[in-house]
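Encoded as structure tokens, the structure appears first; notes follow it.
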């Protein structure tokens, strides 16, 4: 049994360490003048950070790369279609990964490889003594293998499952590789380009978890997920997901009447969970998403299971919710056993099927400041800092600077068969990622990295 106090103590201790690390990282990465100037929306940018970024932005090689990205957008869109039409269901990303590996190699990352988790990784070395920066997009989609993923063009939009999430992010990543190499730019820091597995649903961020397990020297992380150019994800919504499994003796509905029932116990638990109250701020949610169990209509159920999703923007609230759910579920089991005078015994097991940690990156961190400057530079000032569940959850929870950005254009209908992508001004997405990357890793002989080594 887990007590509320034990869960809260564990989470609180971890979060104190995380926020300490995040705060320390923010202080270490700003050894610059204290003067600040306001830029778009919620981000104040240090004058020195702005000065370095403007020097980079004015370089002829950078201008050449930006022009190349705009001119090459028709081919970028064609690549987006090709990638989207390669199915990549959860845990079945290998065909798309093989194709993506070849595309990385075609763009100059000759040593790109697929790691043991299935991530496609290409490392572009810097001049030395700089940070290691990871920029990633996810290979997987939410759709089952039989889904028709052929792309259709209707009224100026591309329609196909996964065309935006994350067909767009994957394509932008390839465009950035190409633009940096063709512009003849040497960076100070190393850039690790990643097409990762396991971002969606049951994947449970397994790809990025493996990246940070295998590469403990990573100094910062950006994921490109979906479309749009108005907001940056700087907060990580945490989630805990369980398959809650009930087991009992089972028996005939008539001759064994009076036995405890796994399904009845499950029903009692779901009712109690449904009556729980959670705060609106910090936003905290729960849902029983699926139910299953039993043998037949004329059987007392020997087994039953429901899948539960719990989320919060606050680690303590998530821990409190989990503790309360465990408590009322055990109460439901005890009530079912008592109802039938303990004629048989129902037992319950919580099997963890998803764990996404809470975290955040402060708006004062250089990774957010450079992002704000890059948004302004491409003509789409940043409007919002938001909290969501993305691949950035993992580094954020570790105190490593991380954000998630969009890939440009516009999209809708995510996770549905009618998902669409509108390419209007979509070249701004690759330009944004290009400027952000170069700002963080620095250009040899021109600008220092604005991302500091951890």
At R0 = 25 Å, FRET efficiency that the Cβ-Cβ distance of residue 256 and residue 276 yields, to 0.05: 0.15
Tilt of helix 73-84 relative to the longest C-alpha principal axis of the chain, in degrees (0 to 90, nearest 10)? 20
Expected unfolding gain across residue 303-residue 110 under the 0.36 nm per residue rule, minus the alpha-carbon gap, is 64.2 nm
Can you give me the C-alpha center-to-center distance between segment 410-454 and segment 254-274, rounded to a whole angstrom? 52
So for segment 391-454, using the alpha carbon gyration tensor with a ≥ b ≥ c as root eigenvalues (a/c under 1.5 gives rounded; past that, a/b versus b/c decides prolate or oblate), I'd call it oblate
By average Cβ neighbour count within 10 Å, what is the ranking of 166-179, 127-140 from highest down? 166-179, 127-140
Among beta bridges that DSSP assigns inside the chain, antiparallel share in %, nearest 5: 75
Return one number: the angle in degrees, 0 to 90 and rounded to the nearest 10, between the long axis of the Cα atoms of helix 366-377 and the longest principal axis of the Cα atoms of the chain. 60
Could you give the length gained by full extension between residue 127 and residue 78, i.e. 0.36 nm per residue of separation minus their alpha carbon distance, to one decimal place? 14.3 nm
Quote to one decimal, in nm, the extra length available between residue 422 and residue 95 on full extension: 0.36 nm per residue of separation minus the C-alpha distance between them. 115.1 nm
Can you tell me the alpha carbon radius of gyration of segment 238-356 divided by the globular rule-of-thumb value 2.2 N^0.38 Å? 1.13
Over the chain, what lengths in whole Å, largest first, do the semi-axes of the equivalent ellipsoid take, defined as the square roots of 5 times the eigenvalues of the alpha-carbon gyration tensor? 45, 26, 18
What angle do you read, to the nearest 10 degrees and between 0 and 90, between the alpha-carbon axis of helix 315-339 and the longest principal axis of the chain? 20
Computed [θ] at 222 nm, helices only, for the chain once each DSSP H run of length n ≥ 4 contributes -39500 (n - 2.57): -12000 deg cm²/dmol
So how far, in whole Å, is the C-alpha centre of segment 77-151 from the one of segment 197-236? 13
How far is it, in nm, from the label point at residue 453 to the one at residue 291 when both lie 7 Å from their Cα along the line to the Cβ? 5.7
Peptides 211-222, 244-255, 355-366: what's the order by average Cβ count within 10 Å, highest mean first? 355-366, 211-222, 244-255
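No lab work stands behind these numbers, since they all come straight from the coordinates. Because the structure is predicted, anything quoted here is derived from the model rather than measured. When we count neighbours, we look across all protein chains shown, and the Cβ atoms used for this are built from the backbone with ideal geometry, even at glycine.
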